[in-house]
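Here's the structure we're looking at; comments come further down.
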Amino acid sequence: MFGGPIDITDGVKSATKLSLLHDKYTRLVELGNAIHCENAELRRTLNKYELFESLLDGDGLQPSEQQSEVRPYHRTNSGGRWMQFNEDEDPFYFEAVDSTACHDAIREYFPRCVDHHARFMHLEQPQQFFGWSVQRREDRGGHHFHFSKRVMCADAAWTTEFIGDEAWRVFNTRELYERLYSARVVMHVLQHVDEHTVVVLQSLPLPDNSVSRRCLTLASKITSADDEGRLCVNILLLGLKPPGDLAQQVGSADVKFVQNSNAYLALHQRADEAGGDDFVEMSLGLHGVYANDAEAQFAFLECACALVRFEQSVLPQKLLDADG
């Protein structure tokens with residue numbers, strides 16, 4: 001034989017080495033493609049934020065006004081602002097709502113709030129929940145909830161004003177408001193229309209802790225007096241239809257805006273007719289449309305527990321005592 005015997009192990013080793021090199025090359029190509037795609041996505045994101053920055057710079061960027069916000073927003077000279085509702089979502093631009101339109105909406109809704117409260121005060125015997133009288137009813141317009149109690153006190157006028165101020169402070173402070181609920185809730189104040197009127201964007205509590213059900217809410221604190229000169233403080237929460245551009249920016253397959261969700265907190269300085277003792281009549285009314293009874297029941301319980309938590313933080317000595 002020419003050249004002597006052939007060692008087949010050399011060929012096997014060579015083939016194995018080529019296979020390993022080929023596998024390594026394939027992995028490197030896949031890694032390179034992944035890096036390329038990631039860089040492209042980063043470039044798109046950077047371009048988007050550079051666009052946001054240029055728009056803000058051109059409109060007169062001012063410092064954040066709400067230092068307590070976890071995600072600070074920036075106001076522009078036009079009255080609008082860029083903000084981010086949730087950490088994993090893109091920022092969106094909110095254009096300020098006309099103040100006259102806000103006040104007109106409040107004037108239109110306030111009589112409905114009074115009627116809603118009066119109807120519940122004449123309904124059947126309510127159930128008791130941690131010292132609160134609780135009522136529910138359902139009609140073609142949706143689900144209606146009502147909570148009420150007497151808060152006995154030495155000075156009903158002072159207590160009415162104090163509870164109203166605390167409720168308004170909680171509703172204007174993101175961390176305090178979100179802490180009231182057991183389910184996850186996100187809330188941002190978008191616009192301070194005036195000292196007693198704000199526009200907020202909030203998520204509504206859901207069993208799965210998602211923030212997909214949202215409501216653009218107009219909130220107003222109204223102080224007045226009844227026919228006998230006794231102090232009345234009402235905080236109205238009116239669900240608004242979001243502007244088309246806002247719904248388009250924030251909206252997705254998972255996000256749903258709810259506009260038929262309204263509520264009010266009513267505080268009324270009163271005196272017991274028999275003994276003349278001062279007390280505050282405190283009521284919370286809610287109206288909403290829900291997909292099913294289970295969703296309505298969950299919302300009802302979340303609101304009830306949030307109300308008790310608010311009472312616990314403001315009037316801890318009154319928590320379990322309906323008569324003070």
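The values are calculated or read from the model by the stated rules, or taken from the named source; none is laboratory data. Owing to the predicted nature of the structure, the values given are computational and were not obtained by experimental measurement. Positions of Cβ are generated from backbone atoms using ideal geometry, with glycine treated the same way; all protein chains shown enter the neighbour counts.
Tabulated results
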read-out	value
Tabulated pairs, region 284-310, first of a type in the set (Ser, Thr, Tyr), second part of a helix (DSSP H, G or I), C-beta under 9 angstrom, 6+ apart or interchain	TYR290/ALA296; TYR290/GLN297; TYR290/PHE298; TYR290/ALA299
Residues being surrounded by fewer than 15 Cβ atoms within 10 Å (Cβ to Cβ) and either part of a strand (DSSP E or B) or outside the structural domain of GLY239 (by TED's automatic domain parsing) (or both) - total across region 102-145	5
Set PRO316, PRO243: member being farther than 16 Å from ILE163 by Cβ and either within 16 Å of the chain's Cα centre (by Cα) or at pLDDT below 90 (or both)	PRO243
Residues of region 218-235 classified as in contact (Cβ under 8 Å) with a residue 24 or more places away in the chain and not basic (Lys, Arg), total	11
From MET152, MET121, residue being modelled with pLDDT under 85 and more than 26 Å from LEU216 (Cα to Cα)	MET121
Number of the exception - VAL193 against (1) surrounded by fewer than 20 Cβ atoms within 10 Å (Cβ to Cβ); (2) at pLDDT 90 or above; (3) farther than 23 Å from ARG136 by Cα; (4) among the hydrophobic types (A, V, I, L, M, F, W, C)	(1)
Near pairs, Cβ below 7 angstrom, 6+ apart or cross-chain, from region 151-164 (under 17 Å from SER224 (Cβ atoms)) to any residue that is outside any helix (DSSP H, G or I) and of a type in the set (Phe, Trp, Tyr)	ALA156/PHE279
